[in-house]
Amino acid sequence: MTASSTQLSSIFSRLSLGAMLVLSLTANCDEFVGPPEQALPEDAANAFDTPRDYLSGQYLDFITSIDRFFGDERHYQEANDSVMQLDITRVMGYGGEHKFVWSASANVRLPIAEQKLHLILETDPDKKVIVDSKKIQSPQLKQPASPQSYAAALRIEKIEAERWHYSADAGIKFAGLYSKPFARARARLAVPLELWRMTLAETAFWFNNTGVGATTQFDLERPITDPLVFRSSSNATWLNDNQNFDLRQDFTFIHAWDERTALLYQASVIGVSRPQAQVSDYVLLVLYRYRLHREWTYLDLSPQLHFPRGNGYRASPMLSLRLEILFDQSR
């Protein structure tokens with residue numbers, strides 16, 4: 001292992017420890033209350049809290065609605081309502097397979113256990129928790145491939161006061177004639193910071209083909225104006241089998257034109273920590289998303305410009321087309 005890789009692994013170990021401490025302190029922050037004589041009068045406290053709570057609620061609702069509009073994976077991971085998502089995608093240019101490929105997932109809320117138990121059906125479940133620097137997995141940066149496996153799992157989840165979200169999955173992945181168990185657990189904390197919102201999510205997983213691993217995601221979001229949102233998203237995936245971090249940093253502006261149309265502008269840096277810390281790809285993209293029919297059929301058009309290391313960081317254009325169909329309570 002090189003010095004740069006060792007240093008990078010050390011940094012991420014400290015960041016993970018710091019994240020755990022932040023989560024612990026935040027979860028127990030109610031225990032740290034100042035002496036009674038330092039408390040503000042009730043009227044004064046309300047004068048500060050009411051506007052702040054209103055603005056935070058408005059921003060939270062706005063950001064959540066944008067994530068749902070764009071079919072963000074985080075939204076479907078945390079949605080408590082039953083939903084099935086079907087994607088049909090074609091990529092032309094760099095990384096394209098020159099054919100239409102599909103993927104699907106379903107989250108079915110079961111009417112037992114106080115509606116905390118869900119049935120999860122999906123294609124390629126391992127690809128949804130791993131940031132692969134060679135095969136970018138996200139709605140915005142997509143080099144899709146035909147499904148290689150299918151999975152069914154039971155999920156139990158818990159939501160606390162719009163801030164905490166916990167979920168744990170146990171299921172079976174089917175690939176050809178073989179079936180293997182897998183497990184996932186995810187925790188997310190969202191903290192409003194005046195005009196910003198900080199979100200920290202941690203996912204631990206085990207799959208037979210990748211082994212034990214963990215993905216950490218740290219987001220900072222801020223509405224700039226009513227139709228415009230800025231988001232910085234940092235993502236790192238660690239795999240125990242190869243002791244490697246796959247890394248990704250996104251800077252995104254999301255512009256909601258109207259109820260049917262939105263634009264996303266994104267710059268990304270993707271890298272790895274081994275065999276040495278290096279950048280694998282730089283990406284610039286624009287994503288145009290249009291609601292074709294009601295609230296359950298969407299069309300994405302995304303011209304992208306990649307600068308992959310394997311191509312000497314030369315510009316490599318890509319065009320991604322995606323049709324998304326939702327089966328939920330929307331009409």
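What follows is calculated from the coordinates using simple rules that are stated; it is not laboratory data. Being a predicted model, the structure only gives us computed values, none of them experimental. Please note: Cβ atoms are built from the backbone with ideal geometry, for glycine as well, and neighbour counts cover all protein chains shown.
Numerical summary
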quantity	calculated
Amide H within-cut-off set for Leu110, under 5 Å, with H built and near neighbours excluded	Leu117, His118, Leu119
Whether region 208-331 is rounded, prolate or oblate, judged on the alpha carbon gyration tensor where a/c under 1.5 counts as rounded	prolate
Ranking of Trp238, Trp257, Trp206 by count of other Cβ atoms within 10 Å, fewest first	Trp257, Trp206, Trp238
Full-stretch length increase - Lys116, Leu299 - with 0.36 nm per residue and alpha-carbon distance subtracted	62.7 nm
FRET efficiency estimate (nearest 0.05) - Cβ-Cβ, Lys99 to Arg260, R0 22 angstrom	0.15
Inter-label distance for Leu321 and Phe218, nm, one decimal - labels placed 7 Å from Cα along Cα-to-Cβ	4.0
Sorted by Cβ density within 10 Å, fewest first, the residues His255, His165	His255, His165
Neighbourhood net charge (14 Å Cβ-Cβ; Lys/Arg +1, Asp/Glu -1) for Ser232	+1
Rounded if a/c under 1.5, otherwise prolate or oblate - region 264-317, Cα gyration tensor axes	prolate
